[in-house]
Amino acid sequence: MNLHEYQGKEILNSFGVRIQRGIVAQTPEEAVTAAKELTEQTGTGWYVVKAQVHAGGRGKGGGVKLAKNLEEVKTISDSILGMMLVTPQTSAEGKLVNQVLIAEDVYYPGDSEPEEFYISVLLNRATGRNMVMYSTEGGMDIETVAEETPHLIFTEEIDPTLGILPFQARKIAFNLGLKGNALKEMTKFVTALYTAYDKSDASMFEINPVLKTSDDKILAVDAKVTLDENALYRHKDYVALRDIREENPIEVEAKAAGLNYVDLDGNVGCMVNGAGLAMGTMDLIKQAGGDPANFLDVGGTADAKRVETAFRIILKDSNVKAILVNIFGGIVRCDRVAQGVVDAYTNMGDAIKVPIIVRLQGTNAAEAKELIDNSGMKIISATEFQEAADKVQEVLS
């Protein structure tokens with residue numbers, strides 16, 4: 001589950017990570033009120049207006065701007081709120097900005113120049129351990145840094161049974177070229193950041209940039225946070241942080257219906273039971289010359305209502321040119337699934353305008369094929385993987 005910057009910062013702050021303070025607003029008037037409140041809290045006279053969307057690169061799309069007074073706060077907020085923000089991490093249509101974060105100015109003059117760093121915490125799947133990835137090149141796309149100057153990216157693997165150790169936090173600070181009070185501050189920052197990642201059951205914490213201020217404070221200027229949805233039962237308060245306005249509406253609808261659905265860019269809709277079979281079905285579609293339009297796992301229940309719901313969700317994608325139903329009848333009998341498909345087809349009537357290939361294998365597969373073949377409906381039945389692939393190829397050609 002992705003979070004907004006201000007939500008990620010709230011979690012960081014709760015674990016003792018120093019952050020760039022800010023107040024979220026949903027109207028230009030609220031933005032001005034937030035700026036006044038922020039001045040009372042921090043003494044800041046300049047403000048950073050930041051679009052709150054689930055995407056990086058907001059500054060490149062005009063979603064992050066500096067306001068030097070309250071009038072500019074209102075004008076800039078008015079221009080950002082309601083815009084379709086296009087960044088390197090959004091679609092061509094962009095994302096609608098529903099709220100902005102009014103943040104304090106932390107690039108103030110002092111005894112030294114501010115410095116920006118990159119730090120993230122995530123799982124290294126190759127080793128099964130968490131790692132801290134960091135670089136002196138903060139404020140840049142880490143992908144660009146990795147491609148052009150890979151020697152400037154460092155990693156520190158963490159033993160999950162021990163957590164981050166003091167010498168590892170100091171090593172990170174040393175590699176970032178810090179010394180004196182800034183080194184001590186960075187050591188505390190990294191330790192608290194890893195604790196926040198671990199205790200919140202996150203999949204990723206990315207802070208870009210981490211700022212060393214002109215008076216040697218270390219703080220998070222940005223926060224990109226992804227939480228592990230499978231662990232939300234341990235964090236009831238985090239569930240309320242979900243913003244479905246930022247999510248794919250088809251995926252939201254599918255989740256509400258209890259379906260495991262992921263939207264893809266292809267032309268063949270998939271309805272399968274079981275994640276492993278779903279992955280195999282996607283390979284089957286590619287082999288047949290198509291591209292999967294979705295990952296959809298209906299689970300162990302495939303009655304008429306559930307099948308109909310799945311059909312309706314798949315058909316919301318206008319790119320779908322055919323649907324492949326691939327069910328293994330183990331827990332659920334194939335003839336019951338076949339009846340569910342026939343009933344759903346009957347209920348939807350003219351709503352189904354694309355070919356449907358149904359491959360049922362397992363308990364009562366023969367009875368299921370007979371039921372579909374005798375239904376009088378435009379449903380193409382198959383029993384073998386290759387047969388299903390051939391049928392997909394036929395309807396796409």
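When you scan the stretch 369-397, how many residues do you find that are crowded, with 16+ Cβ neighbours inside 10 Å, not in a loop (DSSP other than H, G, I, E, B) and not charged (D, E, K, R)?
12
Table: residues versus (1) small (Gly, Ala, Ser); (2) in a strand (DSSP E or B); (3) within 20 Å of ALA220 (Cα to Cα); (4) touching a helix residue (DSSP H, G or I) at 6+ places or on another chain (Cβ under 8 Å).
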{"position": "VAL121", "(1), (2), (3), (4)": "no, yes, yes, yes"}
{"position": "THR127", "(1), (2), (3), (4)": "no, no, no, no"}
{"position": "TYR134", "(1), (2), (3), (4)": "no, yes, yes, yes"}
{"position": "GLU137", "(1), (2), (3), (4)": "no, no, yes, yes"}
{"position": "MET140", "(1), (2), (3), (4)": "no, no, yes, no"}
{"position": "THR144", "(1), (2), (3), (4)": "no, no, no, no"}
{"position": "GLU147", "(1), (2), (3), (4)": "no, no, no, no"}
{"position": "GLU157", "(1), (2), (3), (4)": "no, yes, no, no"}
{"position": "LEU162", "(1), (2), (3), (4)": "no, no, no, no"}
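Residues being without any contact (Cβ under 8 Å) to a residue 40 or more places away in the chain and closer than 18 Å to VAL395 by Cβ: count how many of those fall in the stretch 261-282.
1
Pick out the one residue from LYS199, LYS236, LYS212, LYS217 that is out of contact with any helix residue (DSSP H, G or I) (no Cβ under 7 Å at 6 or more places or on another chain), modelled with pLDDT of 95 or more and either over 30 Å from PRO355 (Cα atoms) or among the basic types (Lys, Arg) (or both).
Working: LYS236 fails: modelled with pLDDT of 95 or more; LYS212 fails: out of contact with any helix residue (DSSP H, G or I) (no Cβ under 7 Å at 6 or more places or on another chain); LYS217 fails: out of contact with any helix residue (DSSP H, G or I) (no Cβ under 7 Å at 6 or more places or on another chain).
Just a single option satisfies the conditions, and that option is LYS199.
One residue is enough: does the stretch 111-119 have a residue meeting the conditions in the same structural domain as LYS224 (by TED's automatic domain parsing), of a type in the set (Asp, Glu), within 25 Å of PHE189 (Cα to Cα) and not in a loop (DSSP other than H, G, I, E, B)?
Yes, the conditions are met somewhere in the stretch 111-119.
Taking the criterion of being among the acidic types (Asp, Glu), modelled with pLDDT under 85 and more than 20 Å from ALA257 (Cβ to Cβ), would at least one residue in the stretch 301-313 satisfy it?
Within the stretch 301-313, not a single residue is among the acidic types (Asp, Glu), modelled with pLDDT under 85 and more than 20 Å from ALA257 (Cβ to Cβ).
Which of (1) touching a residue at least 24 places away in the same chain (Cβ under 8 Å); (2) in contact with a strand residue (DSSP E or B) (Cβ under 9 Å, 6 or more places away or on another chain); (3) more than 17 Å from GLU10 (Cα to Cα); (4) buried (at least 16 other Cβ atoms within 10 Å of the Cβ) does GLY177 not meet, given it meets every other one?
Only one criterion in (1) touching a residue at least 24 places away in the same chain (Cβ under 8 Å); (2) in contact with a strand residue (DSSP E or B) (Cβ under 9 Å, 6 or more places away or on another chain); (3) more than 17 Å from GLU10 (Cα to Cα); (4) buried (at least 16 other Cβ atoms within 10 Å of the Cβ) is unmet by GLY177, namely (4).
Looking only at the stretch 339-363, which residues are surrounded by 17 or more Cβ atoms within 10 Å (Cβ to Cβ), of a type in the set (A, V, I, L, M) and in contact with a strand residue (DSSP E or B) (Cβ under 9 Å, 6 or more places away or on another chain)?
The answer is VAL341, VAL342, ILE352, ILE356, ILE357, VAL358, LEU360.
Can you tell me which residue among ALA67, ALA126 is free of Cβ contacts under 8 Å to residues at least 12 places away in the same chain, out of contact with any His (no Cβ under 9 Å at 6 or more places or on another chain) and of a type in the set (Gly, Ala, Ser)?
Numbers: ALA67 fails: free of Cβ contacts under 8 Å to residues at least 12 places away in the same chain.
Sole residue among the options that is free of Cβ contacts under 8 Å to residues at least 12 places away in the same chain, out of contact with any His (no Cβ under 9 Å at 6 or more places or on another chain) and of a type in the set (Gly, Ala, Ser): ALA126.
Those residues that are over 30 Å from GLY340 (Cα atoms), acidic (Asp, Glu) and loosely packed, with under 12 Cβ neighbours inside 10 Å, I need them from the stretch 229-271; list them, please.
ASP237
Examine the stretch 53-61 for a residue that is in the same structural domain as LEU193 (by TED's automatic domain parsing) and either at positive phi or among the small types (Gly, Ala, Ser) (or both), and state whether such a residue exists.
If we filter the stretch 53-61 for residues that are in the same structural domain as LEU193 (by TED's automatic domain parsing), which is where we start, we get none.
No: the stretch 53-61 contains no residue that is in the same structural domain as LEU193 (by TED's automatic domain parsing) and either at positive phi or among the small types (Gly, Ala, Ser) (or both).
Just to be sure before I move on: is ALA366 surrounded by 14 or more Cβ atoms within 10 Å (Cβ to Cβ) and either in contact (Cβ under 8 Å) with a residue 12 or more places away in the chain or assigned to a helix (DSSP H, G or I) (or both) in the structure I sent? So that I can check it myself, show each step before the final result.
Numbers: surrounded by 14 or more Cβ atoms within 10 Å (Cβ to Cβ): no; either in contact (Cβ under 8 Å) with a residue 12 or more places away in the chain or assigned to a helix (DSSP H, G or I) (or both): yes.
Criteria not met by ALA366.
Could you check GLY110 against (1) touching a residue at least 40 places away in the same chain (Cβ under 8 Å); (2) crowded, with 16+ Cβ neighbours inside 10 Å and say which number it fails?
Among (1) touching a residue at least 40 places away in the same chain (Cβ under 8 Å); (2) crowded, with 16+ Cβ neighbours inside 10 Å, the lone unmet condition for GLY110 is (2).
Give me the residue from the stretch 293-338 that is β-branched (Val, Ile, Thr) and either in a strand (DSSP E or B) or not assigned by TED's automatic domain parsing to the domain that holds ASN364 (or both) and, out of that set, surrounded by the most Cβ atoms within 10 Å (Cβ to Cβ).
Looking only at the stretch 293-338, we keep the residues that are β-branched (Val, Ile, Thr), and these are 298, 301, 307, 309, 313-314, 320, 323, 325, 327, 331-332, 337.
Keeping just the survivors that are either in a strand (DSSP E or B) or not assigned by TED's automatic domain parsing to the domain that holds ASN364 (or both) gives 323, 325, 327.
On the way: ILE323: 25, VAL325: 32, ILE327: 27.
Once the filter is applied, the top-ranked residue is VAL325.
Consider GLU10 carefully, then state whether it is acidic (Asp, Glu) and over 22 Å from the mean Cα position of the chain (by Cα).
Details: acidic (Asp, Glu): yes; over 22 Å from the mean Cα position of the chain (by Cα): no.
No, not satisfied.
Can you name the residue in the stretch 275-292 that is crowded, with 19+ Cβ neighbours inside 10 Å and either part of a loop (DSSP other than H, G, I, E, B) or of a type in the set (S, T, N, Q) (or both) and, of all such residues, is farthest from the chain's Cα centre (by Cα)?
In the first step, residues of the stretch 275-292 are kept if they are crowded, with 19+ Cβ neighbours inside 10 Å; the result is 278, 281-282, 284-285, 288, 290, 292.
Narrowing further to those that are either part of a loop (DSSP other than H, G, I, E, B) or of a type in the set (S, T, N, Q) (or both): 281, 288, 290.
On the way: THR281: 24, ALA288: 30, GLY290: 26 Å.
The qualifying residue farthest from the chain's Cα centre (by Cα) is ALA288.
I'm checking my understanding of the structure. Among residues of the stretch 6-38 that are in a helix (DSSP H, G or I) and of a type in the set (Val, Ile, Thr), which one is surrounded by the fewest Cβ atoms within 10 Å (Cβ to Cβ)?
The first filter runs over the stretch 6-38 and keeps only residues in a helix (DSSP H, G or I), leaving 6-14, 28-38.
Filter once more, so that each one left must be of a type in the set (Val, Ile, Thr): 11, 32-33.
Numbers: ILE11: 24, VAL32: 19, THR33: 16.
Residue satisfying both the conditions and the ranking: THR33.
Which members of the stretch 156-168 meet the condition of being within 28 Å of the chain's Cα centre (by Cα) and either surrounded by 12 or more Cβ atoms within 10 Å (Cβ to Cβ) or among the aliphatic types (A, V, I, L, M) (or both)? Steps first, answer last, please.
So in the stretch 156-168, the residues within 28 Å of the chain's Cα centre (by Cα) come out as 156-161, 163-164.
Result: GLU156, GLU157, ILE158, GLY163, ILE164.
The values are calculated or read from the model by the stated rules, or taken from the named source; none is laboratory data. Nothing here was measured: the structure is a model prediction, and the numbers come from that model. Glycine also receives a Cβ, built like all others from the backbone with ideal geometry; neighbour counts cover every protein chain displayed.
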